[in-house]
1. Failed condition for Thr287, given (1) at pLDDT 95 or above; (2) open to solvent by 30 Å² or more (accessible area, probe 1.4 Å); (3) assigned to a loop (DSSP other than H, G, I, E, B), with all others met?
2. Do we have any residue at all in segment 392-403 that's outside any strand (DSSP E or B), within 26 Å of Asp172 (Cα to Cα), open to solvent by less than 30 Å² (accessible area, probe 1.4 Å) and out of contact with any Lys or Arg (no Cβ under 7 Å at 6 or more places or on another chain)?
3. With the checklist (1) surrounded by fewer than 18 Cβ atoms within 10 Å (Cβ to Cβ); (2) at pLDDT 95 or above; (3) over 19 Å from Leu290 (Cα atoms); (4) acidic (Asp, Glu) in hand, flag the one item Asp428 doesn't pass.
4. Just one of the numbered conditions (1) modelled with pLDDT of 95 or more; (2) under 18 Å from the mean Cα position of the chain (by Cα) is not true of Arg224; which one?
5. Test of understanding: among Gly331, Gly327, which residue is modelled with pLDDT of 95 or more, surrounded by 20 or more Cβ atoms within 10 Å (Cβ to Cβ) and out of contact with any helix residue (DSSP H, G or I) (no Cβ under 8 Å at 6 or more places or on another chain)?
6. Report, ordered by the first and then the second residue, all pairs with beta carbons closer than 8 Å, sequence separation of six or more or different chains, a first member in segment 297-326 that is over 30 Å from Leu202 (Cβ atoms) and among the aromatic types (Phe, Trp, Tyr), and a second member that is open to solvent by less than 30 Å² (accessible area, probe 1.4 Å) and part of a loop (DSSP other than H, G, I, E, B).
7. Quick check on my filter: what residues within segment 203-231 are within 16 Å of Tyr28 (Cα to Cα) and either β-branched (Val, Ile, Thr) or free of Cβ contacts under 8 Å to residues at least 40 places away in the same chain (or both)?
8. If you scan segment 136-152, which residues turn out to be touching a strand residue (DSSP E or B) at 6+ places or on another chain (Cβ under 7 Å) and either within 13 Å of Tyr195 (Cα to Cα) or not hydroxyl-bearing (Ser, Thr, Tyr) (or both)?
Amino acid sequence: MSSPLFRKGKYLAIAILIGVCTSGFADYKDDIGYTQLVLELGGSIPTGTGVNVTQIEAPLTNGGTNYAPDTTNSAFTGKTFIFPVSGSTVSSHATTVGGYFYGSNSTAPGISQVTVFNVNDWIGSSSLRTSLPIAPAISTGKVQNSSWIGTTDTGSVDTEILERYDYQINRDGVIAVVGVNNGVSSVPNLLAAGYNSIAVGLSSGNSSSGTTSPTLSFIYGNPRQKPDIVVPTDATSWATAIVSSSAALLVSSAPNANAMRPEVIRATLMAGATKTGLGGTWTHTQTVPLDSTYGAGQLNIYNSYHIQQAGQFAGQTTAVSMVGNTGWDLGTAQSASPEYYFFHVSTLSDFSAVLTWNVNVSANFNWSTITPTLANLDLFLYNANGLTIGSLVDQSISGAASSTSENVELLWEQNLAVGDYAIKITSDTTQQYGFAWQTIPEPSTWMLLIFGVIFTGVMIRRSQSAASVG
């Protein structure tokens, strides 16, 4: 299931992440919180309307042209398909991926414009332009889906592909969602080893996981945990498309341009991820932010949507006010001035926070020299008294100054007590970042709150009845 692609030193071997789909649409929608969101929002649920997307597909056969979704499929009625290179034929894999990504039964059925690339053309001359001495082309798709894996078997060539993609993502504000391989295996170089994309695996754990390969060059050869997030389905192709669809939903519900930045969308999806429903126990440490198999956890679009809708709260170098206990920010960290977010927790709660930032890629005029640089950001949680910081509660410190070079930090606190807290973000250089956090009352606390509302209502009605007697 591999195919020779563009030639730059050697061929790129690719594989599509195909599998037999045994889980239905309704099942995964229940598991990722989409059904709950529909029940809450009804007809006002965001649908991805106005979001242009890109589907990058590998041919079903070596050197073939069968990489296109079946545009006559009823699930794609009313959608416009753009093929930058003519001569495509239908692929069952691309059709199924499209169904999960933008089909009428997806979580973003309002998507109406889809650009479809053969991965060979996309890498070679049409988009990343790896075969040309120029910068990558401007991306017209806000969300890009890659349900394929690959390698040139040469670390330096794989690295250039990743560098060019990370450059395009950062420059154009692309939300790039890529798959890891099916089955327990090492993390593939392409495209899962990139920095600025979102790598997707399976909730069962039956997909590539662990650290990226040291065969890559420069900072790309430093070990980083992948995947970033997992989905409860049976093939990573479909899982990747589901995350792409969820990202498109968030883009269509974004209150402003800041909420659409890839750093913010990535942080929002990962902060909303749940730690249950997995094939094993989710764990992490202060220096390894992501679980080695499940990343940030299982996609939950209900949580992520509510993080987004809670609003943007700017970090403060000098504390002047509290922010919400759920929210997000597109901020800029300075080396000498930490950013602070003070908030209050009113009930015993679970707390999740994710900080992400992009690798910065620069090149000379003919792209013969490409230079990636990665800032080192760290994330801290403190007790607080109003706007005064107290003792350290937890930290996530896995950046470039540590043994790994992650561009994500994650805090996960169960049973966070009532009180004031402060988040601190530090950096070794000026760096834009996406930050998202969520406070969810413990189930027992919710029950007490609900009981209190019911009890109060009953007492009011009794009081009203008593007042009307006579």
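1. Among (1) at pLDDT 95 or above; (2) open to solvent by 30 Å² or more (accessible area, probe 1.4 Å); (3) assigned to a loop (DSSP other than H, G, I, E, B), Thr287 violates only (1).
2. The answer is yes, given that some residue of segment 392-403 is outside any strand (DSSP E or B), within 26 Å of Asp172 (Cα to Cα), open to solvent by less than 30 Å² (accessible area, probe 1.4 Å) and out of contact with any Lys or Arg (no Cβ under 7 Å at 6 or more places or on another chain).
3. All conditions are met except number (2).
4. Single failed check for Arg224: (1).
5. Gly331
6. What qualifies is Phe313/Val323; Phe313/Gly324.
7. Ile229, Val230, Val231
8. Gly141, Lys142, Val143, Gln144, Asn145, Trp148, Ile149, Gly150
The values are calculated or read from the model by the stated rules, or taken from the named source; none is laboratory data. This is a predicted model, so every value here is computed, not measured. Glycine also receives a Cβ, built like all others from the backbone with ideal geometry; neighbour counts cover every protein chain displayed. We work out accessible area using only protein heavy atoms, side chains counted, and drop any ligands, DNA or RNA first. Shrake-Rupley method; radii C 1.70, N 1.55, O 1.52, S 1.80 Å.
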